[in-house]
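*Asks:* After the structure tokens below, expect a handful of questions from me.
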Amino acid sequence: MNAVEIGPFVFANDRFVAIMAIMAFLLASEIFARWRKPAAPAIHRWSLIALLGWIVGARLGFVLSNLDAFVTAPLDVFAIWQGGFDVRAGASTVAIVLLIALLRKSWAVLPVALSALVATLTMALTDLALPDNLDGQLPDTLFTDMSGAQVALGAGTGKPVVLNLWATWCPPCQREMPMMMEVAAAQEDARIVFANQGEDPADIARFLTVTNLPQDGILRDPHSALMQEFGMVGLPSTLFFDAGGQLVAAHTGEISRAELMRKIAGLGPKLQEQGLPR
């Protein structure tokens with residue numbers, strides 16, 4: 001499991017960590033503002049600037065480090081709900097904000113810096129406390145494709161496999177699937193498989209027809225066995241297996257093109273280590 005389930009809500013570990021860190025930062029800055037009431041307006045102002053600076057800087061850092069993926073889809077830069085932040089770039093931006101506040105001799109420098117430290121510690125402790133189980137093997141089970149044929153997930157290609165668990169009723173699945181199918185059609189280094197969870201063939205076919213998506217790579221998992229086997233708690237979930245079928249990464253929630261390509265590229269060295277052709 002690499003996600004946190006709270007009632008009907010499911011948060012990927014990295015997003016839950018980010019939420020906790022932001023809450024800790026805002027809480028700490030508010031405590032400092034109430035403790036030093038004369039400086040409260042400045043603390044509130046610079047805390048907001050620092051927070052927005054971290055978001056913009058971290059996002060920009062991620063975009064620049066994955067520029068190829070964003071060149072083909074520039075509007076994805078604004079899809080921050082998909083995740084994709086460079087922590088070091090965000091921290092550098094906060095440092096610049098604090099330096100500017102220091103040069104302006106603002107009383108908010110120390111409170112904001114301490115609030116950032118609290119957020120950093122909260123991030124580290126939350127990340128340490130969350131489960132992140134990635135122990136798994138690509139199953140040998142045969143699944144039925146949309147033509148009725150029995151297909152193995154690995155299909156004997158000797159390539160890494162990207163396994164996307166999805167459903168037609170899931171809005172994030174609907175948003176990411178056109179992009180993922182586009183990548184799958186152009187991808188030579190890995191096989192991308194879409195395993196529908198728990199739905200009838202007619203519902204799947206209707207969705208693919210309405211959205212004008214192909215049936216290639218679509219498998220049926222009518223009892224959601226894959227979700228249970230790998231302990232996934234939400235849809236969509238995307239699992240990454242090396243050429244030997246070993247689970248090496250998992251992503252819960254809508255995935256961006258940049259993150260998908262980055263994780264596929266990360267499977268390459270494992271491919272070479274096993275002496276298999278790319």
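The values are calculated or read from the model by the stated rules, or taken from the named source; none is laboratory data. All values reported here derive from a predicted model rather than from experimental measurement. Virtual Cβ from ideal backbone geometry, glycine too; neighbours counted across all protein chains shown. Each accessible area value is taken on the protein alone, full model and side chains, heavy atoms only, with ligands, DNA and RNA left out. Shrake-Rupley method; radii C 1.70, N 1.55, O 1.52, S 1.80 Å.
*Asks:* For region 46-186, just say rounded, prolate or oblate: build the C-alpha gyration tensor, square-root its eigenvalues into a ≥ b ≥ c, call rounded for a/c under 1.5, and beyond that prolate if a/b exceeds b/c, oblate if not.
*Replies:* It comes out prolate by the Cα gyration axes.
*Asks:* Enter the accessible area of residue 221 (Å², nearest 10), with the probe set to 1.4 Å and all protein chains included.
*Replies:* About 10 Å², ignoring ligands and nucleic acids.
*Asks:* Positive end of the dipole of region 1-144, charges at C-beta (+1 Lys, Arg; -1 Asp, Glu), about the Cα centre: which of 108, 24, 13 has its Cα farthest in that direction?
*Replies:* 108
*Asks:* Still on this structure: Dipole magnitude of the chain about its Cα centre, charges +1 at Lys/Arg Cβ and -1 at Asp/Glu Cβ only, in debye to the nearest 20?
*Replies:* Its charge dipole is roughly 1600 debye.
*Asks:* In addition: Report, in debye and to the nearest 20, how large the dipole of region 125-278 comes out about its Cα centre when Lys and Arg carry +1 and Asp and Glu carry -1 on their Cβ.
*Replies:* With only Lys, Arg, Asp and Glu charged at Cβ, the dipole is about 300 debye.
*Asks:* Let a ≥ b ≥ c be the square roots of the eigenvalues of the Cα gyration tensor of region 212-257; is it rounded (a/c under 1.5), or, if not, prolate (a/b larger than b/c) or oblate?
*Replies:* Because its axes are fairly even, with a/c under 1.5, region 212-257 counts as rounded.
*Asks:* Continuing with this model, one more query. Helix-only estimate, please: 222 nm mean residue ellipticity of the chain, summing -39500 (n - 2.57) across DSSP H runs of length 4 or more and dividing by its residues, to the nearest 500.
*Replies:* -16500 deg cm²/dmol
*Asks:* Enter the accessible area per residue of the chain (Å², integer; probe 1.4 Å; all protein chains in place).
*Replies:* Ligands and nucleic acids excluded, the figure is 52 Å² per residue.
*Asks:* While we're on this one: Cut-off 10 angstrom, C-alpha nodes, Gaussian network model of the chain. Which of 121, 247, 260 fluctuates the most?
*Replies:* Residue with maximal mean-square fluctuation among 121, 247, 260: 121.
*Asks:* Another question, if that's okay. What FRET efficiency comes out for the pair residue 149/residue 203, r = Cβ-Cβ distance, R0 = 25 Å, nearest 0.05?
*Replies:* 0.80
*Asks:* For q values of 0.16 Å⁻¹, compute log₁₀ I(q)/I(0) with the Debye formula on a Cα-only model of region 142-181, without solvent.
*Replies:* The computed values of log10 I(q)/I(0) come out as -0.55.
*Asks:* Using a 1.4 angstrom probe on the protein heavy atoms only, line up 109, 87 by accessible area, largest first.
*Replies:* 87, 109
*Asks:* Considering only protein heavy atoms and a 1.4 Å probe, what is the carbon-and-sulfur percentage of the accessible area of region 8-118?
*Replies:* 77
*Asks:* Sort 54, 166, 81 by heavy-atom solvent-accessible area, probe 1.4 angstrom, most to least.
*Replies:* If we order 54, 166, 81 from most to least accessible, we get 81, 54, 166.
*Asks:* Using r as the Cβ-Cβ distance of residue 88 and residue 68, and R0 as 22 Å, what FRET efficiency do you calculate, to the nearest 0.05?
*Replies:* Using R0 = 22 Å, I get an efficiency of 0.65.
*Asks:* Around residue 234, under 12 Å between beta carbons, what's the net of Lys plus Arg minus Asp minus Glu among the other residues?
*Replies:* So the environment of residue 234 carries a net charge of -1.
*Asks:* How big, in percent, is the set of alpha carbon pairs in the chain lying more than 23 Å apart?
*Replies:* Value for the chain: 60 percent of Cα pairs lie more than 23 Å apart.
*Asks:* Once you have the Cα-Cα distance between residue 175 and residue 140, take 0.36 nm times their residue separation minus that, and quote the gain in nm to one decimal.
*Replies:* The span from residue 175 to residue 140 would gain 9.7 nm if fully extended.
*Asks:* Indicate the gyration tensor shape class of region 144-254 (rounded, prolate or oblate), computed on the Cα atoms with a ≥ b ≥ c the square roots of the eigenvalues: a/c under 1.5 is rounded; otherwise a/b larger than b/c is prolate and the rest oblate.
*Replies:* Note, shape of region 144-254 comes out rounded.
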